[in-house]
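I have placed the structure first, in the form of C-alpha cells, so that the comments after it can refer back to it.
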Amino acid sequence: MDTRTIFFIGKPGCGKGTQAKMLADHTGWPVFGSGAEFRKIAEESTAVGKKVKQEIDAGLLSPPWFAMYLYQKALFSVPEGQSVIFDGFNRKVPEAELIVESLAWLHRPFWVLDLVISDEEATKRIALRKLESDRVDDQFVPERLKEYNKFTKDALQIFRKTGRLIEINGEQTREALAADVRKALNL
C-alpha cells in the first residue's frame with residue numbers, strides 16, 4: 001500500500017476525532033490530534049500551558065505557528081514509508097500552506113477529508129457531546145463556528161486548488177461515514 005498522509009477537517013462536532021480513530025483502528029496508522037495535544041498542554045502549569053488554557057476556555061483556535069509547530073513535530077517523527085492520520089491541524093490559511101509545502105518537500109502524498117455538516121447539526125452534536133464529556137471548548141459553539149467560518153473556509157480553498165480535498169457528507173451515522181471515508185481513500 002502507498003504511504004498516505006490523511007487530514008480530517010470540518011466544523012466542531014463533525015466527527016473528526018471519531019473518524020480519525022475509526023480509520024486508525026481499520027488501518028493501524030497512528031493519529032496525531034491537535035485538540036488532544038492542546039488540551040494536554042493546557043494542563044501544564046507553565047506559561048505556555050496557561051496561555052493555551054486561556055484560549056481553550058475562550059473557545060479560540062490557537063495561533064497557526066503553534067499548531068504548525070505541533071504538526072511538524074509529529075510529521076517529522078513519522079518513519080519514512082509509514083502512513084499517518086492528522087486530526088485538526090489545518091484550520092487556517094498559513095497552516096494549509098505549510099502543510100502543502102512540507103508534504104511536497106517530503107514527497108508525501110496526502111488527502112484532506114472535509115466532513116461536511118451544517119451549523120445546525122454542529123450545534124446539535126456539540127450539545128449532545130456536552131452531556132457525555134467535560135470538554136471546555138464545547139461551551140463555545142457559536143464562537144467556534146465563527147472561527148471556522150472566518151478561517152477554515154479559506155484554508156479549504158488551498159487544498160481544493162491542489163486537488164487534495166475530498167468532501168464527505170458528515171451528516172450520517174458513524175458507520176456510514178467511516179465506510180465513505182474508506183471508499184474515498186480506496187481502502
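Report, by residue number, each residue of segment 11-48 that is among the aromatic types (Phe, Trp, Tyr) and surrounded by fewer than 20 Cβ atoms within 10 Å (Cβ to Cβ). Correct list: Trp29 only.
Could you list, in sequence order, all residues of segment 167-184 that are aliphatic (A, V, I, L, M), crowded, with 16+ Cβ neighbours inside 10 Å and in contact with a strand residue (DSSP E or B) (Cβ under 9 Å, 6 or more places away or on another chain)? Give the steps one after another, and end with the answer.
So in segment 167-184, the residues aliphatic (A, V, I, L, M) come out as 168, 176-179, 181, 184.
After this cut, where a residue has to be crowded, with 16+ Cβ neighbours inside 10 Å as well, the list is 168, 177-178, 181.
Within segment 167-184, Ile168, Leu177, Val181 meet the criteria.
Residues in segment 141-173 that are of a type in the set (Lys, Arg) and either within 20 Å of Ile6 (Cα to Cα) or over 15 Å from the mean Cα position of the chain (by Cα) (or both): Lys146, Lys150, Lys153, Arg160, Lys161, Arg164.
Yes/no matrix, rows are residues, columns are (1) surrounded by 18 or more Cβ atoms within 10 Å (Cβ to Cβ); (2) charged (D, E, K, R); (3) in contact with a Lys or Arg (Cβ under 9 Å, 6 or more places away or on another chain):
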position	(1), (2), (3)
Tyr71	yes, no, no
Gly88	yes, no, yes
Pro94	no, no, no
Val112	yes, no, yes
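Residues in segment 53-99 that are within 16 Å of the chain's Cα centre (by Cα) and aromatic (Phe, Trp, Tyr) were compared, and the one that is modelled with the lowest pLDDT is Phe89.
Could you look through segment 158-181, keep only residues that are free of Cβ contacts under 8 Å to residues at least 12 places away in the same chain and not in a loop (DSSP other than H, G, I, E, B), and pick out the one that is nearest to Ile85 (Cα to Cα)? Among residues in segment 158-181 that are free of Cβ contacts under 8 Å to residues at least 12 places away in the same chain and not in a loop (DSSP other than H, G, I, E, B), the one nearest to Ile85 (Cα to Cα) is Ala179. Only a single item in (1) touching a residue at least 40 places away in the same chain (Cβ under 8 Å); (2) surrounded by 15 or more Cβ atoms within 10 Å (Cβ to Cβ); (3) among the acidic types (Asp, Glu) is not met by Glu55, and it is number (1). Among the residues of segment 53-81, the ones that are within 30 Å of Arg108 (Cα to Cα) and assigned to a helix (DSSP H, G or I) come to 13 in all.
Residues in segment 114-150 that are closer than 22 Å to Gln172 by Cβ, of a type in the set (Asp, Glu), surrounded by 12 or more Cβ atoms within 10 Å (Cβ to Cβ) and at pLDDT 80 or above: Asp114, Asp119, Glu121.
The values are calculated or read from the model by the stated rules, or taken from the named source; none is laboratory data. Computed from a predicted structure; not experimentally measured. All Cβ positions, even for glycine, are placed from backbone atoms using ideal geometry, and neighbour counts span all protein chains on display.
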